[in-house]
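Notes follow once the structure below has been shown.
The values are calculated or read from the model by the stated rules, or taken from the named source; none is laboratory data. Since the model is a prediction, treat every value here as computed from it, not as a measurement. With ideal geometry, Cβ positions are generated from the backbone for all residues, glycine too; neighbour counts draw on all protein chains shown. Quick note on the areas: whole protein, heavy atoms, side chains included, nothing else; ligands and nucleic acids left out. Shrake-Rupley method; radii C 1.70, N 1.55, O 1.52, S 1.80 Å.
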Amino acid sequence: MFRQLNSPKVFGDKKVKSLWEQICDEFAAKKANYDDNDIDDTSSIATDVTQYSASRHTPIVYGKMVHKPQIDASLTCDFDPAIGHPAAVGLTMINKPPTPPTPPPVPPPDPKTCTPQEYLESHIFPTLIPAMIAMLNQAKVEKCFERKRTRFNACDFLTEYLYKKNPNKADRTENLWEIPFVEKWNNAHPREPLPLSLQWTEEEAAIKIQSFFRGYLVRIDPEVSELRAWQRSWKDENRGIRHKVEQFWETQETGGERSGSQGSKRAKSR
């Protein structure tokens, strides 16, 4: 007799889920209680898709809904190779029902008369959710989930994304700081500059660190250290050399004038 059946699996090309879909799946998995309205008639064919692999699966299961029931009778006693394939012994396979056609889109409700929930679902979320998905993907690129501090600003990204993706303005190419209202606000409320640890990329920081370390290795060389010490003493000795030269010529000029006046007095006395 048949035992309790598990949900069948479909072998085929598994769709790669986006980051937002993975987050939604994790949230749904943690949800403890489900309402009866959450389960509809289409859930019976919404089965899990297993990635097909020629090394682990037989070709006859590709694109099929496959289930292996557990029965107490022998599986090979009634097998007829003229009718079935030996690899299908003990498997229950049916074609997956075709996906029903997509219904025509429902026109959005009037934003001036609809309820707040309808306004969010029809006018806000269709624009905001793609922006949130793009923001999460960019945050992953910027390694925001791996580090405590990064230069990535989610609000700045959403501002620029929504400004450029405005369906009523398709020719916008400005970056964040060229947007008129952002430029006006930034002039009135300037931001503090980010520290260099957040401004530099990993490549730029590596170049800076390597350059400083190479310079340190050169400066600790004995000959270079002796040369730098001589240059330091030479600079100390010649510090204010222009003032010294000017003072020297002033004393020379004043000394020459005095000697000239004394010579003229001697000539008159004679």
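Here is how the numbers come out for the structure above:
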| read-out | value |
| --- | --- |
| The stretch 200-245, residues that are at pLDDT below 85, in a helix (DSSP H, G or I) and either open to solvent by less than 100 Å² (accessible area, probe 1.4 Å) or of a type in the set (Lys, Arg) (or both) | Glu202, Lys235, Asp236, Ile241, Arg242, Lys244, Val245 |
| Residues located in the stretch 182-198, provided they are within 21 Å of Leu162 (Cβ to Cβ) and assigned to a helix (DSSP H, G or I) | Val182, Glu183, Lys184, Trp185, Asn186 |
| Residues that are within 19 Å of Pro130 (Cβ to Cβ) and at pLDDT below 90, drawn from the stretch 154-172 | Lys165, Asn166, Pro167, Asn168, Lys169, Ala170, Arg172 |
| Single residue of the stretch 53-80 satisfying the filter (among the charged types (D, E, K, R) and surrounded by 11 or more Cβ atoms within 10 Å (Cβ to Cβ)) that is modelled with the highest pLDDT | Lys64 |
| Residue that is under 28 Å from Arg149 (Cβ atoms) and within 24 Å of the chain's Cα centre (by Cα), where the choices are Ala188, Ala205 | Ala205 |
| Among (1) under 39 Å from the mean Cα position of the chain (by Cα); (2) open to solvent by less than 80 Å² (accessible area, probe 1.4 Å); (3) touching a residue at least 12 places away in the same chain (Cβ under 8 Å) - the single one Pro108 does not satisfy | (2) |
| Qualifying residue in the stretch 126-135 (condition: more than 30 Å from Lys112 (Cα to Cα), hydroxyl-bearing (Ser, Thr, Tyr) and over 17 Å from the mean Cα position of the chain (by Cα)) | no |
| Where a residue in the stretch 209-221 is farther than 23 Å from Ser197 by Cα and its partner, wherever it lies, is hydroxyl-bearing (Ser, Thr, Tyr), with Cβ under 9 Å and at least six apart | Arg219/Ser225 |
| Any hit, the stretch 140-160, residues being loosely packed, with under 13 Cβ neighbours inside 10 Å, more than 13 Å from the chain's Cα centre (by Cα) and over 30 Å from Ile23 (Cα atoms) | no |
| Contacts under 7 angstrom Cβ, first residue in the stretch 173-185 being more than 10 Å from Thr159 (Cβ to Cβ), partner open to solvent by 100 Å² or more (accessible area, probe 1.4 Å) and assigned to a helix (DSSP H, G or I), 6 or more apart | Glu183/Trp177 |
| In the stretch 111-139, residue surrounded by the most Cβ atoms within 10 Å (Cβ to Cβ) [restricted to those that are in contact (Cβ under 8 Å) with a residue 40 or more places away in the chain and of a type in the set (A, V, I, L, M)] | Leu136 |
